[in-house]
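What follows is a short report on a single structure.
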Amino acid sequence: VIVVQDPTLLPVMDVFAGLRPQGFALVNSTKSLEELGLGHLVAAHPAGHVITIPAFDIAREHVGRPVPNAVMLGGVAALTGLIRLQSVVDAIHHRFPGRVGDGNAAAATAAYELVTSEKAKKGTSVHA
């Protein structure tokens with residue numbers, strides 16, 4: 001699993017070196033993989049394994065700041081099926097009680113739902 005929180009790294013280094021054929025990649029961007037010049041990743045991996053999500057935008061909406069951490073966690077949970085969404089939400093609330101935790105949990109949930117929707121469009125399912 002490769003998670004790219006900072007899309008400005010894409011033209012600077014090969015952040016996908018070592019990504020296995022059955023691996024997953026989640027990229028924080030409002031652009032499509034093709035617009036980012038990453039269409040080859042889509043072609044080289046199973047449908048729904050490589051996805052972009054607008055993590056900064058989702059974070060701003062739910063947290064009030066462009067902090068993509070919780071958003072990307074929710075996205076990874078949906079993308080891979082390795083983590084249940086409830087486990088992500090519980091961990092966020094444990095670490096950040098109150099309003100901060102609520103906002104981050106909502107951001108993670110929104111990302112989970114977005115990735116689930118994107119995977120459904122590609123004809124794949126969420127494992128969790």
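Of all the residues that make up segment 1-23, how many are open to solvent by less than 60 Å² (accessible area, probe 1.4 Å) and closer than 22 Å to residue 83 by Cβ?
Quick first cut of segment 1-23, residues open to solvent by less than 60 Å² (accessible area, probe 1.4 Å) only: 2, 4, 7, 10, 15-16, 19, 23.
Okay, now just the ones that are also closer than 22 Å to residue 83 by Cβ, so 2, 4, 15-16, 19, 23.
Here the count works out to 6.
For segment 92-122, which residues satisfy the criterion of being of a type outside the set (D, E, K, R), closer than 22 Å to residue 25 by Cβ and free of Cβ contacts under 8 Å to residues at least 40 places away in the same chain? Quick ask: steps written out before the conclusion?
Restricting attention to segment 92-122, the residues satisfying the condition of being of a type outside the set (D, E, K, R) are 92-94, 96-98, 100-101, 103-112, 114-117, 120.
Next cut, closer than 22 Å to residue 25 by Cβ only: 107-112, 114-117, 120.
Of everything in segment 92-122, those that are of a type outside the set (D, E, K, R), closer than 22 Å to residue 25 by Cβ and free of Cβ contacts under 8 Å to residues at least 40 places away in the same chain turn out to be 108, 109, 112, 116, 117, 120.
Of all residues in segment 53-92 being polar (S, T, N, Q) and either open to solvent by 20 Å² or more (accessible area, probe 1.4 Å) or farther than 24 Å from residue 20 by Cα (or both), which is nearest to the chain's Cα centre (by Cα)?
From segment 53-92, those polar (S, T, N, Q) are 69, 80, 86-87; that's our starting set.
Pick out the ones that are also either open to solvent by 20 Å² or more (accessible area, probe 1.4 Å) or farther than 24 Å from residue 20 by Cα (or both) and you get 69, 86-87.
Details: 69: 9, 86: 16, 87: 16 Å.
By that ranking, first place goes to 69.
For residues in segment 24-48 being at pLDDT below 95 and of a type in the set (Gly, Ala, Ser), which is surrounded by the fewest Cβ atoms within 10 Å (Cβ to Cβ)?
Checking each candidate, the answer is 43.
Applying the selection to segment 4-30, what residues are assigned to a loop (DSSP other than H, G, I, E, B) and in contact with a helix residue (DSSP H, G or I) (Cβ under 8 Å, 6 or more places away or on another chain)? If you could, list the steps in order and put the result at the bottom.
Narrowing segment 4-30 to residues assigned to a loop (DSSP other than H, G, I, E, B): 5-6, 10-24, 29-30.
Within segment 4-30, 5, 15, 16, 19, 21, 24, 29, 30 meet the criteria.
Of 88, 71, which residue is in a helix (DSSP H, G or I) and farther than 13 Å from residue 55 by Cα? Don't jump to the end; show me each part of the working.
Values: 71 fails: farther than 13 Å from residue 55 by Cα.
Checking each option against the conditions leaves just 88.
The values are calculated or read from the model by the stated rules, or taken from the named source; none is laboratory data. Please read these numbers as outputs of a predicted model, since none were measured by experiment. Here the Cβ is made from the backbone with ideal geometry for all residues, glycine too, and neighbour counts use every protein chain on show. Just the protein is used for accessible areas: all its heavy atoms, side chains included, with ligands, DNA and RNA removed. Shrake-Rupley method; radii C 1.70, N 1.55, O 1.52, S 1.80 Å.
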